[in-house]
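Computed from the coordinates by the stated procedures, all read-outs in this text should not be read as laboratory data. Please read all numbers here as calculations on a predicted model, not as lab measurements. When we count neighbours, we look across all protein chains shown, and the Cβ atoms used for this are built from the backbone with ideal geometry, even at glycine.
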Amino acid sequence: MRNIYEYDTVILGGGPAGLSAGIYMARSNAKTAIIDISMLGGQPSNYLELENYPGFPIIGGYDLMEKFEEHADKFGVEKFPMQEIKSVDLVSNPKIIETLDGVFQAKTVIIACGAKPKKLEVKGEAEYIGRGVSYCAVCDGALYQDKTVVVVGGGNTAVEEGIYLTRFAKKVYIVHRRDELRADKIIQERAFKNDKIEFVWDSKVNEIQGDDVVNNIVIENIKTEEITNIKADGIFPYIGFTPNVSAISGQLKQNESGFIVTDETMQTSVEGVFAAGDVRTTPLRQVITAASDGAVAGVYAGKFLQKLCSNISENIANIPF
């Protein structure tokens with residue numbers, strides 16, 4: 001028989017949004033649990049360095065998230081990492097999250113599942129994942145010592161990871177659909193000064209080719225339609241993110257890309273369900289904004305619990321004896 005757990009709040013996701021929400025919930029004396037399909041820390045755990053989190057001019061992503069987790073531990077947040085989620089029922093009362101290990105019942109749920117890298121959706125991408133196609137330079141960069149790699153994208157993540165890859169690769173091509181980058185100016189300047197980086201403007205990837213591993217990237221100029229080939233040993237797409245919402249889609253309001261729609265208090269379209277961080281509609285996806293979202297969600301989920309308990313007390317008081 002599987003275990004049944006009862007909590008005031010269950011938080012789905014243990015990245016910066018989830019851990020921040022957990023800290024705020026636990027400080028309000030709410031019995032709080034965090035469930036994650038992997039280890040806690042989320043995507044920032046894979047970042048080599050962060051330079052824009054206030055208070056830390058430079059810090060490793062794993063180190064920062066370790067501090068988040070230690071803070072949550074201080075207030076007694078219960079953690080359930082490496083949980084395979086079978087189903088989530090956000091409409092019922094209590095809310096039900098079923099994993100292979102147990103059934104979690106909660107009065108409120110905070111969704112902080114984050115997002116995963118968006119795929120290029122081109123021929124050869126799926127075939128060569130792990131054999132030249134990677135979505136994490138920090139994880140796989142060392143495999144490309146003295147080799148040539150392609151990075152796809154023009155935002156902060158793409159350019160920063162491109163710079164990081166120059167520690168190993170002899171050549172890094174950054175392919176971008178536009179003729180200018182979206183990355184912060186300071187990051188752009190570093191990339192432009194790096195002799196190992198070459199930019200391929202106004203272009204997209206048409207196909208990833210290889211034998212046992214990747215050896216060629218087919219590029220198309222979107223203005224001239226000219227086709228060129230880049231002989232490369234690996235490719236790292238950084239073209240955006242897709243929300244991790246497969247377990248909850250259809251139960252609450254989402255935008256056309258699947259991101260959860262919330263109000264300014266992080267309340268979703270389902271009463272008692274909140275969303276925070278990269279999984280929701282937001283103009284900026286950074287560690288600091290995820291942590292901020294988590295704080296807001298934690299505070300207002302706490303207020304919802306107070307209101308819920310007050311209503312229950314009033315109803316009990318009105319029962320005739």
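List of remarks:
- Ignoring lysines fewer than eight residues from K193 along the same chain, the ones with Cα atoms less than 16 angstrom from its Cα are K170, K171, K185.
- Residues D195, D73, D278 arranged by fewest to most Cβ contacts within 10 Å: D195, D73, D278
- Amide hydrogen neighbours beyond the local backbone of L50, cut-off 5 Å, H modeled: I59, G60, G61
- The phi-based Karplus calculation (6.51 cos²θ - 1.76 cosθ + 1.60; θ = phi - 60°) puts the 3J(HN,Hα) values of region 14-30 at x, x, x, 5, x, 5, 4, 4, x, 4, 5, 5, 5, 5, 8, 6, 7 Hz, whole numbers, x for Gly and Pro.
- Largest first, the three principal axis extents of the alpha carbons in region 119-237 are 38, 35, 22 Å in whole numbers.
- The fewest-to-most ranking of T282, T228, T9 by surrounding Cβ atoms within 10 Å reads T228, T282, T9.
- Loop-located chymotrypsin sites (Phe, Trp or Tyr not before Pro) in region 53-143 whose Cβ has at most 10 other Cβ within 10 Å (DSSP): none
- Kirkwood hydrodynamic radius over Cα pairs of the chain, then Stokes diffusion coefficient at 10 °C and 1.306 mPa s, in µm²/s: 75
- Couplings for region 244-253, taken from phi via the Karplus curve 6.51 cos²θ - 1.76 cosθ + 1.60 with θ = phi - 60°, read 7, 10, 4, 7, 10, 4, x, 9, 8, 6 Hz in order; Gly and Pro are left as x.
- Of the GluC sites (Glu not before Pro) found in region 46-100, those in coil by DSSP whose Cβ has at most 11 other Cβ atoms within 10 Å are E84.
- Extension gain, I37 back to I58 (0.36 nm per residue minus Cα-Cα distance, nm): 4.7 nm
- For region 143-212, the mean projected area of the C-alpha convex hull, equal to one quarter of the hull surface, is 4.8 nm².
- For T99, T108, T166, order by how many other beta-carbon atoms lie within 10 Å, fewest first: T166, T99, T108
- Of the GluC sites (Glu not before Pro) found in region 129-217, those that fall in a DSSP loop while having at most 15 other beta-carbon atoms within 10 Å are E180.
- Taking amide H as placed 1.01 Å from N in the peptide plane, the amide H of E6 sits under 5 Å from that of Q105, each at least 5 places away or on another chain.
- Candidate lysines for bridging to K204, where Cα separation is under 17 Å - those fewer than 8 sequence places away on the same chain excluded: K118, K119, K123, K223, K231
- Rounded to 5, the percent of DSSP beta bridges in region 117-266 classed as antiparallel: 45
- Beta bridge orientation in the chain: antiparallel %, DSSP, nearest 5: 40
- Whole-number D in µm² s⁻¹ for region 16-143, Kirkwood Cα-pair radius fed into Stokes-Einstein, 37 °C, 0.692 mPa s: 195
- For K118, the amide hydrogen comes within under 5 Å of the amide hydrogens of I239, G240, F241, T242, counting only partners 5 or more places away or on other chains and with H modelled in the peptide plane.
- Length gained on full extension, I227 to L48, computed as 0.36 nm times the residue gap minus the Cα-Cα distance: 61.0 nm.
- Given their separation in residues at 0.36 nm each and the Cα-Cα distance between them, N29 and W201 gain 56.6 nm when the chain is fully extended.
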